[in-house]
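Sending over a structure as structure tokens; questions will come in a sec.
What follows draws every value from the coordinates through simple rules; no lab data is involved. Nothing here was measured: the structure is a model prediction, and the numbers come from that model. Every residue, glycine among them, receives a Cβ derived from its backbone with ideal geometry; neighbour counts consider all protein chains shown.
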Amino acid sequence: MLSKSSNRTWQTFIIDGLWPDYNDGTWPACCSRSDFDVKKVFDPTTISSLMPLLVKYWPSLSCSSASLCHGGKEKHGTCSSPSVIDEYDYFSKTLNLYMRYNVTKVLDDAGFRATNADKYPLGEIVSTITKAFGAPPSLSCSHGAVEELYLCFTKDFKPRDCANGLSTAQDPLNSRKSCPTYIRIPEYTQLVTISADAELSTK
């Protein structure tokens with residue numbers, strides 16, 4: 001989501017993952033290879049063309065090389081079949097969703113910008129994203145600032161209501177459990193792994 005590494009400040013949402021779930025608040029992880037790709041083991045060269053975008057928008061992968069991206073695919077991508085067919089498809093679909101549903105642009109266009117000073121109405125942020133994408137997100141906060149923002153999708157990658165299948169703490173209608181009425185969209189001043197997750201319902 002928003003973080004700062006040792007040499008740059010993040011003022012944009014970043015990717016944490018594309019996670020399949022069971023639409024009940026639980027999710028699979030590290031599925032057997034037969035559930036994902038029976039033809040071959042992971043070949044880092046298959047995603048080499050995506051590396052510039054992965055490094056820029058998915059830094060939580062710590063993908064300084066394509067081989068280091070294996071962990072994200074192994075944990076969540078292996079459970080994404082048949083909606084995602086292989087390693088390249090997993091990473092490219094996630095990047096495509098990130099570009100198509102550009103949370104940073106939507107909020108920026110509405111005047112909600114990353115800053116450590118200003119606070120914005122939680123309800124207006126949720127309604128702005130809902131209006132843009134046709135389904136509400138889920139947010140969690142820490143110390144009055146957005147920490148995670150989830151976008152949820154059906155198996156055919158259409159936006160869906162994150163309240164269906166998420167725990168009460170993740171329900172946007174109950175975001176005040178972790179988010180105050182007015183929240184900050186922060187510029188992080190230290191290295192923090194923050195996420196803007198896309199969840200894929202398996203129902």
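Work out the FRET efficiency for residue 24 and residue 156 from their Cβ-Cβ distance, taking R0 = 25 Å, and round it to the nearest 0.05. Walk me through the numbers on the way to the answer.
On the way: r = 19 Å, r/R0 = 0.78.
For R0 = 25 Å, the calculated efficiency reads 0.80.
Could you run the Karplus curve 6.51 cos²θ - 1.76 cosθ + 1.60 with θ = phi - 60° over the stretch 98-105 and give me ³J(HN,Hα) per residue in whole Hz, x for Gly and Pro?
With the stated coefficients, the stretch 98-105 comes to 4, 6, 5, 9, 7, 4, 4, 5 Hz.
Want the number for residue 143 to residue 113: 0.36 nm per residue separation, take away the alpha-carbon distance, what's left?
On the way: separation 30, 0.36 × 30 = 10.80 nm, distance 1.77 nm.
Taking residue 143 through residue 113 to full extension adds about 9.0 nm, to one decimal.
Related question: For a quick check: with amide H placed at 1.01 Å from N, whose amide H comes under 5 Å from residue 13's, ignoring anything fewer than 5 positions away on the same chain?
104
Take the residue pairs 105/155; 56/131; 131/158; 93/158; 93/131 and return only those whose Cα atoms are more than 20 Å apart.
Numbers: 105/155 25 Å; 56/131 27 Å; 131/158 14 Å; 93/158 12 Å; 93/131 23 Å.
Cα-Cα > 20 Å for 105/155; 56/131; 93/131; rest within.
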